[in-house]
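The values are calculated or read from the model by the stated rules, or taken from the named source; none is laboratory data. Note that this is a predicted model, so its numbers are computed, not measured. Using ideal geometry, Cβ is built from the backbone for each residue, glycine included, and neighbour counts are taken over all protein chains shown. Just the protein is used for accessible areas: all its heavy atoms, side chains included, with ligands, DNA and RNA removed. Shrake-Rupley method; radii C 1.70, N 1.55, O 1.52, S 1.80 Å.
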Amino acid sequence: MNVFITDALVINLEKETWHCRGCDAELGSARENYKSFLRVRPRNPQDIHAPIIDKDRYEFTFAPDPEWTRIVEYYCPHCARQMEAEYLPPGHPPAYDIELDIDALKAQWADREALTEPAIGPAFVPPQHHHRKGGE
Amino acid sequence: MTLDTNQPQSGETPETGDEGVSEFLRDTSLFLAPDPLIMNNHGVEDRTPLEEESLAAEKDPARLEIVRERLLAGANESFDMLESMGAAPGAKWGDCVSAIFTASGDLSLASTGGVVIFCNLVQYPIKFINKYWTNEPTVGVREGDAFLVNDARYGQAHNTDQSMMMPVFWEGKLVAWVGATVHEGENGAIEPGGMPSMAEQVWDEGLKMSPFRVAENYTLRRDIVTFLQNSVREPKLQYADMKVKMFTCRRLEQRMHEAISEFGLEAVVACLRSNLEDTDVEVRKRLKEWPDGTVRHSWWTDGTLRENAMIKINLALTKRGDRLIFDYRGSSPEFTNRSNNSLDITLKGMLAQLFLTYIWPDLPRNQGVLAPIEFIFDERSIIKPDFGTPNAQSMMSVFTSWSVAQVCVMKYLYSVPDKYTRVIAPWFNMINTFLFGGVTQHGEMVGNVCADINGMGGGALADRDGQHSCAPIFATMADLGEQEFMEEEMPFVQLVSKKLMKDNQGFGRQRGGMGYQMILALRDSPVWGFMLTAIGSKFPNVPGLFGGYGCPTYPLCRISNVDVFEAMQSDPSQFRYSIEELMNERPFAEGKYSTHPMFMPYSLAERGELYMIAQGTGGGFGDPLERDPEEVMRDYQEDLVSEDVAWRIYRVVFDPETRIVDEEATRSARDEARKQRLDESMSFEDYCADYVTETPPANLPYYGSWEDPAMVYAGSPDRYYPAGQVNPPVVMPNPLEVKIARLERELAEARQG
Ligand SMILES: [Zn+2]
């Protein structure tokens with residue numbers, strides 16, 4: 001059974017493995033940090049958030065300061081889908097952000113039906129308009 | 001550092017068992033500081049005998065629901081009164097709330113609109129009054145009394161807010177409390193407007209009202225009102241809103257009395273109590289549906305509002321069964337002479353808002369939502385500062401702490417099959433707005449804040465872009481205010497107002513809601529100044545989610561040595577209607593163009609010089625290379641993204657004239673970009689070996705943990721201490737002295753030739 005853990009990552013409960021949701025590729029053990037199975041690229045933040053005002057003239061330009069900010073991108077090693085974009089001070093260790101109890105997860109899903117798509121939650125239903133013309 | 005979830009966490013310390021000792025201590029206390037027994041308990045109080053009786057007598061949930069709807073209608077009616085009559089700008093734009101509390105002081109029922117965090121925090125001063133003033137012969141609590149509080153340390157978000165509390169009696173017995181809170185603004189602090197970033201001591205923060213009685217027999221005491229009016233820059237506002245809050249409380253009291261008359265006291269008491277208990281039970285049930293584990297996320301605020309500094313907020317969120325534990329250890333130590341610290345109660349109140357608006361908006365708005373949730377902080381950290389540490393600008397740390405929690409919760413929520421709302425990327429979280437103070441065109445002295453504080457961009461969802469400049473994180477139903485209305489009362493004009501800023505986008509498969517730009521200038525006033533109290537000019541304020549990017553950074557842009565009103569009269573074609581064009585094209589030949597961080601102490605303004613900022617954008621969701629090219633074209637058509645962003649971020653190939661996408665070329669450009677990703681990336685192991693360092697960069701003024709949350713830095717690599725034990729504590733130098741020292745050094749070097 002597959003559990004959709006993030007928009008980009010799936011855990012297969014039987015195999016206890018992380019999978020890419022984009023290409024289904026098996027990435028590695030669900031009991032380990034998924035980041036250790038991905039490709040990693042450190043980016044100058046100004047390559048993403050480019051200066052909006054002239055960087056030769058101004059100190060602050062709407063672009064992050066590369067001496068204060070590094071963006072670390074994580075890709076599926078097979079299809080190159082971007083799974084996370086982590087903002088860190090340069091040199092800071094990446095977070096072990098998702099550490100799930102896999103045994104508990106298996107027990108929890110033993111009573112649940114498998115999903116074929118992630119459950120995105122209730123749709124927005126605009127409330128009924130109360131002030132109709134004619135006072136209905 | 002690990003968290004043992006088998007040990008129940010208890011924030012409470014036992015009260016001394018010896019009644020004689022307690023009585024002696026009570027009678028000889030010189031000063032009644034906030035009571036840690038009250039302040040450290042965010043849970044629900046034990047049932048009172050009346051609550052026990054009432055719950056035993058009233059068991060029909062349908063009847064209790066009718067009572068609840070009746071009380072909620074009263075709360076909403078009183079909220080409407082508060083919003084329509086309130087004199088503070090904050091009240092007019094929804095930065096207020098009204099609520100009903102149990103006799104013990106627990107928040108049981110908040111108005112549907114308004115700011116949940118405010119009333120969540122009012123539980124603490126009510127509990128203080130119950131404990132210390134009820135039996136105090138010089139005070140007492142009687143029918144027709146009203147109490148006021150603004151000192152955050154006794155229970156407020158920051159002391160620009162003022163809460164009024166009124167006991168509700170029935171047949172001579174206290175049966176409930178009602179309350180009304182407004183973000184009042186001006187409070188007599190060292191700077192006008194109520195949120196002083198220059199406050200270095202708690203005494204710089206203005207009024208410090210511990211809970212005290214301001215009205216008897218439903219009448220404000222004129223001697224006290226006069227004293228308070230003399231303590232602030234807006235005496236009219238202080239008086240007007242005390243009256244407004246009292247009438248709001250009276251309407252709530254009236255609706256309570258009517259409900260008791262109709263349904264009986266037991267039904268009303270049982271309703272208020274079961275609200276809390278039912279919410280607690282429901283939250284535990286919903287938490288069981290989340291996966292068990294630990295989710296971690298850190299973020300950095302890039303300034304104290306006086307200087308740039310890298311300040312960590314660290315969170316490990318552990319969920320096991322029906323327990324949820326927020327472990328904020330490893331966050332930055334407190335700044336003892338800066339106002340950017342937030343009390344832990346403020347953060348807890350903000351998290352109540354997170355759950356009640358972003359996760360479970362269907363739950364009744366009361367404090368039962370936090371009853372199953374536990375918190376761990378380092379003492380004397382930026383989110384649990386000491387009694388004597390300023391907190392007037394608590395938003396600088398509490399909003400980031402809230403966003404860190406939002407990210408963690410979304411990582412739990414995504415896999416849960418039954419949701420009550422949708423997973424969303426981080427909402428923009430910073431108050432990119434102007435505070436102001438001075439004398440208006442009508443000759444009145446004022447000090448307050450622009451409603452654009454509410455213009456934060458919404459985060460993107462899995463299947464939908466975020467909403468532009470939509471609502472603040474602390475109130476989902478708030479208003480941006482009418483600019484024309486503001487200009488009738490205030491002597492400044494927004495020459496560009498609510499115009500979305502191109503490329504100010506949280507990129508993603510779904511993009512964040514974007515922020516608008518504000519270009520304003522002073523027109524006619526004998527004396528007027530602006531002030532700016534936001535962070536995020538070097539390190540962004542929010543990330544994206546699941547491969548989406550966060551917001552960019554934001555500066556203050558200024559053009560001085562120009563009177564734009566004169567310039568527009570002589571040659572209107574000079575003006576440009578965006579920050580980008582004004583700053584890059586420099587249309588005013590004599591103008592002096594500069595950029596600054598988003599914090600600026602109160603500074604006097606000249607007529608016609610330009611102050612320019614942008615509201616922030618919410619985070620993006622998912623890989624930007626998967627964004628539908630047609631949606632990129634829609635943003636391009638609406639001037640929300642440039643050709644550069646359409647190509648550099650989204651890799652869309654199109655004809656700029658017709659906006660027709662070349663689908664084949666776009667597909668291959670995206671494939672090429674994916675190939676480039678793999679070519680230019682490395683393994684996680686290599687990344688950690690080559691790019692992760694043992695300590696923060698030496699040039700970065702860094703505060704908080706690095707790898708180990710048990711150890712924190714206090715400004716430099718050599719100041720490294722166990723968390724909670726930073727000694728000497730963090731004391732920042734005066735930025736002006738730092739600047740003078742630098743200039744003197746340069747001067748000395750120049751003189752030596
Ligand atoms: Zn893949």
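Helix B:735-752 sits at what angle to the longest principal axis of chain B, using alpha carbons and giving 0 to 90 degrees rounded to 10?
Between helix and principal axis, roughly 30 degrees.
To the nearest 20 Debye, how big is the dipole of chain B about its Cα centre, given +1 on the beta carbon of each Lys and Arg and -1 on that of each Asp and Glu?
360
Could you give the distance between the Cα centres of the stretch B:26-88 and the stretch B:263-318, to the whole Å?
19
Express the carbon and sulfur contribution to the solvent-accessible surface of chain B as a percent, rounded to the nearest whole number, probe 1.4 angstrom.
Roughly 50 percent of what the probe reaches on chain B is carbon or sulfur.
Could you tell me which of A:Val40, A:Tyr87, B:Ala462 has its Cα farthest along the dipole of the protein assembly as shown towards the positive end, charges placed at Cβ (Lys, Arg +1; Asp, Glu -1), taken about the Cα centre?
A:Tyr87
Taking 7 Å along the Cα-to-C-beta vector as the label spot, tell me the B:Ala748-A:Asn12 distance in nanometres, rounded to one decimal.
6.9
Roughly how much accessible area, to the nearest 100 Å², goes out of reach of solvent when B and A pair up, both sides summed, probe 1.4 Å?
7000
From largest accessible area down, sort B:Ser469, B:Ser570; use a 1.4 Å probe on the protein chains.
My answer, sorted largest first, is B:Ser570, B:Ser469.
State which entries of A:Lys55/B:Lys498; B:Lys245/B:Lys348; B:Lys59/B:Lys411; B:Lys245/B:Lys499; B:Lys319/B:Lys538 exceed 30 angstrom in Cα-Cα distance in the structure shown.
Flagged as over cut-off: B:Lys59/B:Lys411; B:Lys245/B:Lys499; B:Lys319/B:Lys538.
Taking the Cα centre of chain B as the origin and placing charges on Cβ (Lys, Arg +1; Asp, Glu -1), which of B:Phe335, B:Leu25, B:Gly515 is farthest toward the positive end of the dipole?
B:Leu25
Dipole size in debye (nearest 20) for the protein assembly as shown around its Cα centre, Lys and Arg Cβ +1, Asp and Glu Cβ -1?
Its charge dipole is roughly 320 debye.
Taking 8 Å as the Cα distance limit and 6 or more residues as the minimum spacing, I'd like the relative contact order of chain B as a percentage.
The value is 12 percent.
Would any residue of the stretch B:535-577 have its amide N under 12 Å from a label point 7 Å out along Cα→Cβ of B:His596? List them or say none.
B:556-560
Across peptide A:110-123, how many C-beta atoms of other chains are within 10 Å of each residue C-beta, on average?
4
Between B:Glu680 and B:Thr48, what FRET efficiency follows from the Cβ-Cβ distance if R0 is 45 Å, with the result rounded to 0.05?
That gives a FRET efficiency of 0.10.
How about the stretch B:557-634: which GluC sites (Glu not before Pro) there lie in a loop by DSSP and see at most 15 other Cβ atoms within 10 Å?
Here the sparse-neighbourhood loop sites are B:Glu590, B:Glu606.
Rounded to the nearest 0.05, what FRET efficiency do A:Met1 and B:Asp204 give with R0 = 41 Å and r taken as the Cβ-Cβ distance? Could you check?
Efficiency, rounded to the nearest 0.05: 0.10.
Might you work out the accessible area of B:Asp80 for me, using a 1.4 Å probe with all protein chains in place, and round it to the nearest 10 Å²?
90
Run the numbers on the stretch B:61-286 and let me know its relative contact order in percent, using alpha-carbon pairs under 8 Å that are six or more apart.
23
Hey, could you grab the Kirkwood Rh for the protein assembly as shown? Inverse mean 1/r over distinct alpha carbon pairs, Å, one decimal.
Value: 28.5 Å, from the Cα pair sum.
So which aspartates and glutamates pass the test for A:Lys106, namely a Cα distance under 15 Å, with those fewer than 8 places away in the same chain ruled out?
Partners within reach: A:Glu14, A:Glu16, B:Glu289, B:Asp292.
Nothing charged except the Cβ atoms of Lys and Arg (+1) and of Asp and Glu (-1): what's the magnitude of the dipole of the stretch A:2-110 about its Cα centre? Round to the nearest 20 debye.
Dipole of the stretch A:2-110, to the nearest 20 debye: 240 debye.
Farthest toward the dipole's positive end in chain A, which of A:Gly28, A:Val125, A:Trp18, given Cβ charges of +1 (Lys, Arg) and -1 (Asp, Glu) about the Cα centre?
Positive-end residue among those listed: A:Val125.
If each DSSP helix of 4+ residues adds -39,500 (n - 2.57) and the sum is divided by the residues in chain B, what number results at 222 nm, nearest 500 deg cm²/dmol?
-10000 deg cm²/dmol
Taking the Cα-to-Cβ direction at B:Asp655 and at B:Glu23 and moving 7 Å from each Cα, how far apart do the two end points lie in nm?
The two pseudo-label positions are separated by 9.4 nm.
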